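The values are calculated or read from the model by the stated rules, or taken from the named source; none is laboratory data. Owing to the predicted nature of the structure, the values given are computational and were not obtained by experimental measurement. In this analysis, Cβ positions are derived from the backbone assuming ideal geometry, glycine residues included, and neighbour counts consider all displayed protein chains.
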């Protein structure tokens, strides 16, 4: 058997890379630090995914099963890569569970970390139980319990979704757009309106970035079919009047201060670089770009390259990324690694 | 006035006390000028649905505030205070008090429909302006304009008889708008008509004034039109919650028995 390709991270990108390699007869070792495969969509309990509307447990769960049942994929869960050395075609890695892997190449699919809303204390997360994150609402929906106020379990009559929480904010060192939150929020607003038709949903935004084909499917549809209301305002603070949350800010389009009562406030949290990225960078001897994501070695010629030959990257490890694009990048990285190993076959 | 040029302090938000003594110090007059808060403390969530229920307002919820309507607006070019984008926003968000501030200029829309063709989202701003004017009227925020009264008098006669008789239209219009028929220009017009019109035509006019002309076989059409008008009016009043308001007012006002209330 060939030397395996080491895939670090068992989320959408890693699962796609492992599957793609197995399809062409290349074996791989998937190292996942958690006790389960699936990455953020499974571990964080996402509900229905953009753009297909399939449940995460079906769509990503299917990818997990496919990899789990493949004899060409060796899955190591609850394990991290502790050391990594060697040359393209002859790397050796030692894992935290004591195993060692001789690998021909490595693909980093180490993903991202959800922004922790506690870092924006003025928006009330951690202070008021009815201030929640998009991840929590995803879990309310995917668990089948429905969208309820955590404080007393009541059905909210009015929900505010605050965009750009942990994104586009120099105050907290997050200068990037997390790319997916606008679309996720529009999708979530529609899901809330579908479950609770009497509940009004307001989205407070700085810009709406439901790019590409998401424009009509999410932004327009949420307005036209679900009457979700979009208000251009950066919220100053979330407080409470003892009964309801009170959202304060300026409605920039009418130049008026607002203090509006809400039952529930949802933070559309952004994507931080994986908290382990500095360790990962030193272990694998690769560069990070200035925001802290894995730096790509090549913008056009081979987008899966990192700064080190033989170490490739895919998915949200190199910046905020959608699930479907992470999967595509997983495929691309698999092909890039394969091309490095078998140049002769590629020419033949 | 464009939003960004509006003063943050509005004259109506300034209050001054003629007589005010604080801690034994007389601060009457301009010493006691206060600025009331401009803070919006709640949204009227019914507003968007009410406008959407009126003809023309159906697509109001689509607006994303690009300003194409205001940029293309004929009236805005003359009166910068006329800002359809702003009002559409207020409707969507339900800032009713803000809309009422502009109730005297909203009706200035000339229905040129340039906005209809400029709008990238098919909001049909011209229709929204129409619906908004109608809403202001139905809710009793504005008095009917003379031209609106004229339209009423005119269409009532058409609905009733299938045609109009000018003299009768004039009479009723003057009566409903509280104007005297004793207008110098009207008297002069009548005098000249008597002097110059052929006798045959004068006779016809006189007869028409005495016996209202009607289209033969009109009763079927009249019934159909009245039914339709009634239906439409009912629909609008229900959408705006006006029937409930009227019922509530009746209950408050007079001794209506429980039985009658249940039947209505």
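When the test is whether a residue is closer than 23 Å to residue A:236 by Cβ, assigned to a helix (DSSP H, G or I) and touching a residue at least 60 places away in the same chain (Cβ under 8 Å), residue A:178 does not pass it. Of all positions in the stretch A:230-242, none carries a residue that is facing chain B (nearest Cβ under 8 Å) and over 27 Å from the mean Cα position of the chain (by Cα).
Suppose we filter B:97, B:37 for residues that are surrounded by fewer than 21 Cβ atoms within 10 Å (Cβ to Cβ), within 14 Å of chain A (Cβ to nearest Cβ), free of Cβ contacts under 8 Å to residues at least 60 places away in the same chain and assigned to a helix (DSSP H, G or I); which single one remains?
B:97
Do we have residue A:298 as out of contact with any helix residue (DSSP H, G or I) (no Cβ under 7 Å at 6 or more places or on another chain), over 30 Å from residue A:148 (Cα atoms) and either in a strand (DSSP E or B) or away from every other protein chain (no Cβ under 14 Å) (or both) here? Answer is yes for this residue. Taking residue A:13 as the residue in question, decide whether it is under 28 Å from residue A:145 (Cβ atoms) and in a helix (DSSP H, G or I). So residue A:13 fails the test.
Might you let me know whether the stretch A:72-81 holds any residue that is at pLDDT 95 or above, touching a strand residue (DSSP E or B) at 6+ places or on another chain (Cβ under 6 Å), under 26 Å from residue A:24 (Cα atoms) and in a helix (DSSP H, G or I)? Checked the stretch A:72-81: no residue is at pLDDT 95 or above, touching a strand residue (DSSP E or B) at 6+ places or on another chain (Cβ under 6 Å), under 26 Å from residue A:24 (Cα atoms) and in a helix (DSSP H, G or I). Within the stretch A:132-157, the set of residues being out of contact with any strand residue (DSSP E or B) (no Cβ under 8 Å at 6 or more places or on another chain) and in a loop (DSSP other than H, G, I, E, B) comprises A:143, A:144, A:145, A:146, A:148, A:151, A:152, A:153, A:154, A:155.
Every residue, every condition in (1) touching a helix residue (DSSP H, G or I) at 6+ places or on another chain (Cβ under 9 Å); (2) assigned to a loop (DSSP other than H, G, I, E, B); (3) within 22 Å of residue A:203 (Cα to Cα), yes or no:
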| residue | (1), (2), (3) |
| --- | --- |
| B:77 | no, no, no |
| B:85 | yes, no, yes |
| B:91 | yes, no, yes |
| B:117 | yes, no, no |
| B:122 | yes, yes, yes |
| B:135 | yes, no, no |
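I'm trying to understand the selection: among the residues of the stretch A:158-172, which are in contact with a helix residue (DSSP H, G or I) (Cβ under 8 Å, 6 or more places away or on another chain) and part of a helix (DSSP H, G or I)?
Residue satisfying the conditions is A:172 alone.
In the set (1) surrounded by fewer than 21 Cβ atoms within 10 Å (Cβ to Cβ); (2) within 14 Å of chain B (Cβ to nearest Cβ); (3) not in a loop (DSSP other than H, G, I, E, B), residue A:247 fails one condition alone, (1).
Filtering the stretch A:87-122 to residues that are surrounded by fewer than 18 Cβ atoms within 10 Å (Cβ to Cβ) and on the phi > 0 side of the Ramachandran plot leaves A:89, A:98.
Taking the conditions (1) touching a strand residue (DSSP E or B) at 6+ places or on another chain (Cβ under 8 Å); (2) within 10 Å of chain B (Cβ to nearest Cβ) in turn, residue A:262 satisfies each one other than (2).
Residues of the stretch A:306-344 that are surrounded by fewer than 21 Cβ atoms within 10 Å (Cβ to Cβ), free of Cβ contacts under 8 Å to residues at least 60 places away in the same chain, touching a helix residue (DSSP H, G or I) at 6+ places or on another chain (Cβ under 9 Å) and farther than 21 Å from residue A:27 by Cβ: A:308, A:325. Among the residues of the stretch B:53-67, which ones are more than 9 Å from chain A (Cβ to nearest Cβ) and part of a helix (DSSP H, G or I)? Selection gives B:60 alone. Total residues in the stretch B:17-34 satisfying the condition of being assigned to a loop (DSSP other than H, G, I, E, B) and within 26 Å of residue A:259 (Cα to Cα): the figure is 1.
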